[in-house]
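What follows is a set of notes on a single structure, which appears directly below.
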Amino acid sequence: ISDTEAYVLRFFDKIMVVYTGTDSVKDVKTDLQIELVLFDSSFPGCKVHAGFKKAFIFTKQFTDKHVSTDLDVVFVGHSLGSGCATLAAAWYSKLGNKVSYYGAGTPRVGNLKFQSQFNKLVPNSVRFKFGTDIVNTVPFWPFYRHVGTEHHIGKSDYCCNITFFSSITDHKIRNYVI
């Protein structure tokens with residue numbers, strides 16, 4: 001099904017859930033499942049990336065054991081992991097958790113309805129984009145939309161030196177970790 005991983009860390013009164021990015025053939029297959037599917041009946045009209053939804057559901061049985069409504073939750077991910085973190089932030093916010101979301105090298109996750117619902121549920125959400133990271137441009141608009149606020153980091157000349165190779169290398173996790 002999936003080999004997406006989630007790690008849970010507890011810091012006093014907060015829980016951080018960290019989702020890993022694409023690092024296997026199974027993950028690539030997950031990334032390529034770009035059909036828009038209904039997220040959940042509690043999110044009417046909200047359609048999301050089919051692969052990210054499957055990966056989120058795969059990890060949810062684990063995260064459900066650790067996420068409780070009495071603690072603030074921070075969801076973090078890179079690449080595929082950021083897609084999962086986006087869905088998790090929406091899901092657990094809807095359940096009553098106080099949620100924050102931080103994504104790095106984030107693909108678009110859902111349709112306009114999902115974007116609108118997410119932005120209402122998770123007002124504290126930030127996506128980081130390094131240079132010309134290509135993953136931030138997929139899946140394609142207008143069917144898919146980004147959530148939260150985007151912040152550019154790293155190279156200041158990202159608008160002028162765009163090549164396919166730089167777009168791929170700019171996606172590497174090392175560019176997002178300090």
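The values are calculated or read from the model by the stated rules, or taken from the named source; none is laboratory data. These numbers were taken from a predicted model, which means no experiment stands behind them. Methodologically, a virtual Cβ is constructed for each residue, glycine included, from the backbone with ideal geometry; neighbour enumeration extends over all protein chains shown. Just so you know, the surface numbers come from the protein's heavy atoms only, side chains and all, with ligands and any DNA or RNA stripped out. Shrake-Rupley method; radii C 1.70, N 1.55, O 1.52, S 1.80 Å.
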Problem set entry | Flag for V74 being in a strand (DSSP E or B) and within 17 Å of F140 (Cα to Cα) | no
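Identify all residues within segment 41-54 that are over 15 Å from the mean Cα position of the chain (by Cα) and either of a type in the set (D, E) or open to solvent by 50 Å² or more (accessible area, probe 1.4 Å) (or both); write none if there are none. Can you show your working first?
Filtering segment 41-54 down to residues over 15 Å from the mean Cα position of the chain (by Cα) leaves 41-46.
Passing the criteria: S41, P44.
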For this session: Report, by residue number, each residue of segment 89-100 that is within 26 Å of I173 (Cβ to Cβ) and either open to solvent by 40 Å² or more (accessible area, probe 1.4 Å) or assigned to a helix (DSSP H, G or I) (or both).
Result: A89, A90, W91, Y92, S93
Problem set entry | Test set (1) within 23 Å of D27 (Cα to Cα); (2) more than 12 Å from the chain's Cα centre (by Cα); (3) modelled with pLDDT under 95 - Y144 fails condition number | (3)
For this session: Please identify the pairs in which a residue from segment 66-80 that is touching a residue at least 12 places away in the same chain (Cβ under 8 Å) and among the charged types (D, E, K, R) has its Cβ atom under 9 Å from the Cβ atom of a residue that is in a loop (DSSP other than H, G, I, E, B) and open to solvent by 10 Å² or more (accessible area, probe 1.4 Å), counting only partners at least 6 apart or on another chain.
Result: D72/D13; D72/N97; D72/K98
Exercise. How about segment 65-88: which of its residues are modelled with pLDDT of 95 or more, of a type in the set (A, V, I, L, M, F, W, C), open to solvent by 10 Å² or more (accessible area, probe 1.4 Å) and touching a helix residue (DSSP H, G or I) at 6+ places or on another chain (Cβ under 8 Å)?
Worked result: V76
Exercise. Does segment 159-173 contain at least one residue that is in contact with a strand residue (DSSP E or B) (Cβ under 7 Å, 6 or more places away or on another chain), at pLDDT 85 or above and not in a helix (DSSP H, G or I)?
Worked result: yes
Exercise. From G110, G81, which residue is closer than 13 Å to A6 by Cβ and out of contact with any Leu (no Cβ under 6 Å at 6 or more places or on another chain)?
Worked result: G81
For this session: Return the residue satisfying two criteria in turn: it lies in segment 101-127 and is in a helix (DSSP H, G or I) and either touching a His at 6+ places or on another chain (Cβ under 8 Å) or without any contact (Cβ under 8 Å) to a residue 24 or more places away in the chain (or both), and of such residues it is farthest from V147 (Cα to Cα).
Result: K120
Exercise. Does segment 140-154 hold any residues that are among the aromatic types (F, W, Y) and open to solvent by less than 30 Å² (accessible area, probe 1.4 Å), and which are they?
Worked result: Y144
For this session: Could you look through segment 101-132, keep only residues that are crowded, with 19+ Cβ neighbours inside 10 Å, at pLDDT 95 or above and among the charged types (D, E, K, R), and pick out the one that is farthest from V17 (Cα to Cα)?
Result: R108
